[in-house]
Amino acid sequence: MDEDGVRISLTIVDTPGFGDNIDNEACFHEIVAYLEKQYDDILAEESRIKRNPRFRDNRVHALLYFITPTGHALREIDIELMRRLSPRVNVIPVIGRADSLTPQELRDFKKRIMEDIDHYNIPIYNFPYDVEEDDEDTIEENSELRALLPFSIIGSEEEITINGRTVRGRQYPWGAVEVDNPKHSDFGRLRSALLSSHLQDLKEITHDILYENYRTEKLSRTVNGGDQEDASLNAEDMASQSVRLKEEQLRKEEEKLREIELKVQREIQEKRAELLSKEEALRNLEARLAQAQLSD
């Protein structure tokens, strides 16, 4: 798909039937296992001395957790699953079918959900920013998106006509709601964040924080012998990875040294050029003085 002129390869993984059973432990395990399987594939690929040029990174960079619009608060199943998922993926809470609630009910529902998330210490993706390091535009944008959490969205494939405009939405006896109207739905802001403004941030957090934490846990369990059933990382794999990491570290240090050398060389050349320019100016001045003396 194309987003703002940029071609994006988007993969969507659905979990139909989740929460339909009385005991949903199997659902919990299956979803978490799927997320960890993608990390295991990356870890195994990194352990190989010769990489597969056709390897595909299937890590999940964002998980939209749809909350049933009950109008009350988070259900126990919501709290439990989000707590299990948050160490493995960027969890973004979303209220689906938001048009089933009145505006006031929706505002109250959003507030109670965020209170529950804070009370149960569920680390969702809350559009982080650093007041000291980020610019004002980034801080303002992320603050606005954070204030919208959980996103309330309306979905519809129908096209309706409102005041001569054809839009996606739903027609009710009391009026109409538009999918892309920010007064009716947060769909537009959510789409923009996922596919444009925060796409890179979601990918970086997945790789630099979530994956690295999982990788550390995995290697620690393997070293301590607590992961006997998992044969994806054996002693040879770990040795190869250790060598690869050291080589990568040496490569980065060599690159830094080369950058420093180039910087020093540029500075020397600039100083030399500046000195030559001053010498040339001095010679010109001496020549003009000599010419002036001859004229006298």
Which residues, counting only those in region 87-118, are within 20 Å of G175 (Cα to Cα) and either touching a residue at least 12 places away in the same chain (Cβ under 8 Å) or among the acidic types (D, E) (or both)? G96, R97, A98, D99, S100, L101, E105, L106
When both residues are 6+ apart or on different chains and their Cβ atoms are under 8 Å apart, which pairs have a first residue that lies in region 186-201 and is more than 15 Å from A98 (Cα to Cα) and in contact (Cβ under 8 Å) with a residue 40 or more places away in the chain, and a second that is charged (D, E, K, R) and not in a helix (DSSP H, G or I)? L195/E3; S196/E3; S196/D4
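If a residue must be farther than 15 Å from T68 by Cβ and either assigned to a helix (DSSP H, G or I) or of a type in the set (D, E, K, R) (or both), how many such residues does region 101-122 contain?
Taking region 101-122 and keeping what is farther than 15 Å from T68 by Cβ, we get 102-104, 107-108, 111, 114-115, 117-122.
Filter once more, keeping what is either assigned to a helix (DSSP H, G or I) or of a type in the set (D, E, K, R) (or both): 103-104, 107-108, 111, 114-115, 117-119.
Adding up the residues that qualify gives 10.
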Regarding region 31-38, can at least one residue be identified that is in contact with a Ser or Thr (Cβ under 9 Å, 6 or more places away or on another chain), in the same structural domain as I124 (by the TED database), closer than 24 Å to I205 by Cβ and of a type in the set (D, E, K, R)? no
Can you say whether R75 is in the same structural domain as P150 (by the TED database), surrounded by 12 or more Cβ atoms within 10 Å (Cβ to Cβ), of a type in the set (K, R) and modelled with pLDDT of 90 or more, as far as the supplied structure shows? yes
Sole exception among (1) over 30 Å from D208 (Cα atoms); (2) modelled with pLDDT of 95 or more; (3) part of a loop (DSSP other than H, G, I, E, B) for V89, by number: (1)
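The rows are residues; the columns are (1) at pLDDT 95 or above; (2) outside any strand (DSSP E or B).
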position	(1), (2)
E45	no, yes
H61	yes, yes
T70	no, yes
L81	no, yes
P93	yes, no
D99	no, yes
I124	yes, yes
F127	yes, yes
V131	no, yes
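Which of the residues belonging to region 1-43 are assigned to a loop (DSSP other than H, G, I, E, B) and aromatic (F, W, Y)? Let's see the steps before the verdict.
We begin by selecting, within region 1-43, every residue assigned to a loop (DSSP other than H, G, I, E, B); these are 1, 4-5, 8-24.
Listed by number, the list holds a single entry, F18.
The values are calculated or read from the model by the stated rules, or taken from the named source; none is laboratory data. What you see is a predicted model; the values in this text were computed from it and never measured. We place every Cβ from the backbone using ideal geometry, glycine too, and count neighbours over all the protein chains shown.
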